[in-house]
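J.: Take a look at this one; I'll ask things after.
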Amino acid sequence: MSSCFETIQAYGLRAIGIGERLLPKTDITLCEQMVLIGSGLIWNVYFGILATGFGFWFAVFLSLGRVSPLAILRMAAAGFVFLFRGSPLFIQFFFAYEGFVLLPKVGLTLDLGVVVIDATTGWLTKAWAGALFVLF
């Protein structure tokens, strides 16, 4: 049986690829449970900081668009706020997920510099276009 300090050394940074790859083969103690759960918490903290930073700057630029003297920027920002304020968050997540899943199927070419996503199979595009037409 190892001490709690040895467990932290072995599994503390497991979620980011540092330390033991496999779970303990014996019964998991309370200390090991806490360390394994805490090691996964690292990703939550990382994505929380990333989302907060991205969201802050996105909100700043969106608010600047709302008070912009250019009508096109003001209308685009107002439309974005109207669309996302008037729809449930779960539906927004659903559309984002489905959009990323269906992106290669609609026949778009997305050049990311290092990776090029190119697919021409648009077999489900008409169905989704009909669904969007009914919703909006």
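The values are calculated or read from the model by the stated rules, or taken from the named source; none is laboratory data. Owing to the predicted nature of the structure, the values given are computational and were not obtained by experimental measurement. When we count neighbours, we look across all protein chains shown, and the Cβ atoms used for this are built from the backbone with ideal geometry, even at glycine.
J.: Check segment 48-60 and report whether any residue there is among the hydroxyl-bearing types (Ser, Thr, Tyr), over 17 Å from Arg14 (Cα atoms) and not in a helix (DSSP H, G or I).
T.: No, segment 48-60 contains no residue that is among the hydroxyl-bearing types (Ser, Thr, Tyr), over 17 Å from Arg14 (Cα atoms) and not in a helix (DSSP H, G or I).
J.: For Leu64, indicate whether it is surrounded by 11 or more Cβ atoms within 10 Å (Cβ to Cβ) and part of a helix (DSSP H, G or I).
T.: Criteria met by Leu64.
J.: Hey, can you tell me all the residues within segment 39-88 that are hydroxyl-bearing (Ser, Thr, Tyr) and modelled with pLDDT of 90 or more?
T.: Residues satisfying the conditions are Thr52, Ser63, Ser68.
J.: For segment 8-38, give me each residue that is touching a Cys at 6+ places or on another chain (Cβ under 7 Å) and either under 30 Å from Ala77 (Cα atoms) or modelled with pLDDT under 80 (or both).
T.: Scanning segment 8-38 gives no hits.
J.: For Glu32, only one of the following conditions fails: (1) within 20 Å of the chain's Cα centre (by Cα); (2) surrounded by 10 or more Cβ atoms within 10 Å (Cβ to Cβ). What is its number?
T.: Unmet condition: (1).
J.: Quick one: which residue in Leu62, Leu83 is in contact with a helix residue (DSSP H, G or I) (Cβ under 6 Å, 6 or more places away or on another chain) and closer than 30 Å to Leu135 by Cβ?
T.: Leu62
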